[in-house]
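J.: The structure is given below, and queries will be raised subsequently.
The values are calculated or read from the model by the stated rules, or taken from the named source; none is laboratory data. Everything numeric in this text was worked out from a predicted model, so none of it was measured. All Cβ positions, glycine included, derive from the backbone under ideal geometry; neighbour counts span all protein chains shown.
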Amino acid sequence: MAGLPPGINLADNIQGDIIGSISATWALATVVITMRLACRRISKAGFWWDDYLMIPAYVCGFLGGLEQTMLMNRRFSHPSCHGSQLLG
């Protein structure tokens with residue numbers, strides 16, 4: 001079995017980077033969805049099927065990011081986490 005490429009260290013902690021990217025993406029999605037719904041309301045265009053689908057997708061994305069963050073805080077999805085660390 002081949003080893004890892006040079007410069008790869010599985011013990012590095014990148015939780016802050018991952019949580020930061022999840023938070024930034026969620027904040028940007030919040031701004032975009034809010035602006036879209038406001039524009040639809042201001043222009044009196046009414047909502048269409050894509051508007052109704054984006055709300056559940058937004059909620060599912062938020063819950064997925066929240067779950068990922070909680071699992072990282074419990075060290076279940078840390079990049080250096082191995083199965084033996086989960087058991088003990």
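J.: Name the residues in the stretch 41-74 that are surrounded by 12 or more Cβ atoms within 10 Å (Cβ to Cβ), more than 16 Å from L28 (Cα to Cα), out of contact with any His (no Cβ under 8 Å at 6 or more places or on another chain) and among the aliphatic types (A, V, I, L, M), would you?
T.: Hit for the stretch 41-74 is L71, nothing else.
Listed here are the residues, each with its yes/no results for (1) more than 21 Å from the chain's Cα centre (by Cα); (2) modelled with pLDDT of 85 or more.
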{"site": "I8", "(1), (2)": "yes, no"}
{"site": "D17", "(1), (2)": "no, no"}
{"site": "L28", "(1), (2)": "no, yes"}
{"site": "M35", "(1), (2)": "no, yes"}
{"site": "A45", "(1), (2)": "yes, yes"}
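J.: Right, something else. When residues of the stretch 31-59 are filtered for being in a helix (DSSP H, G or I), hydroxyl-bearing (S, T, Y) and free of Cβ contacts under 8 Å to residues at least 12 places away in the same chain, how many remain?
T.: Residues flagged as in a helix (DSSP H, G or I), hydroxyl-bearing (S, T, Y) and free of Cβ contacts under 8 Å to residues at least 12 places away in the same chain within the stretch 31-59 amount to 2.
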